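A short worksheet on the structure shown next.
The values are calculated or read from the model by the stated rules, or taken from the named source; none is laboratory data. These figures come from a predicted structure and were not determined experimentally. Here the Cβ positions follow ideal geometry from the backbone for every residue, glycine too, while neighbour counts run over all protein chains shown.
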Amino acid sequence: MTQQSCAKDKYNFVLYIPEIIHQKFRVTDAGRVILDFKINPVKRLLGRLVNREPAATLELDELSSSVWLNMDGTRSILDIARMQSKKTGDDIDEAVRRIVQFMRYIVNRGWIKFKLAEHKPN
């Protein structure tokens, strides 16, 4: 790999490696991931005013749960997309598009962070 191609890879989003920050999650018997959240005291108070308990969990669908469980800190987005593509039978481009959209959502929420893949010398 040349110096120039390494520099271009730095900006290739699918080569980023996602790491889970939000460690409060559980997996159901059906294989779905449920993220647990701490309830803000203000939301708790507002919930009492309207006689409702604020939501403290978020259940991911099958594809999102599969992506979440495959994020182990060593696999890049491209690796996860390849696994999803084989699992669902979709085209790799479609899998990448879906996963990138999901990754952008969860990184903006602060549930994951990214690191660059380290290039190994030949």
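Annotations for the structure displayed:
- Meets criteria (in a loop (DSSP other than H, G, I, E, B), touching a residue at least 12 places away in the same chain (Cβ under 8 Å) and out of contact with any Cys (no Cβ under 8 Å at 6 or more places or on another chain)) for Arg98: no
- No other residue among Asp91, Asp61 is over 21 Å from Tyr16 (Cα atoms), free of Cβ contacts under 8 Å to residues at least 40 places away in the same chain and among the acidic types (Asp, Glu) apart from Asp61.
- Failed criterion for Leu35 (all others in (1) among the hydrophobic types (A, V, I, L, M, F, W, C); (2) exposed (fewer than 12 other Cβ atoms within 10 Å of the Cβ); (3) modelled with pLDDT of 90 or more hold): (2)
- Subset of region 52-77 that is out of contact with any strand residue (DSSP E or B) (no Cβ under 9 Å at 6 or more places or on another chain) and farther than 17 Å from Val27 by Cβ - its residue that is surrounded by the most Cβ atoms within 10 Å (Cβ to Cβ): Pro54
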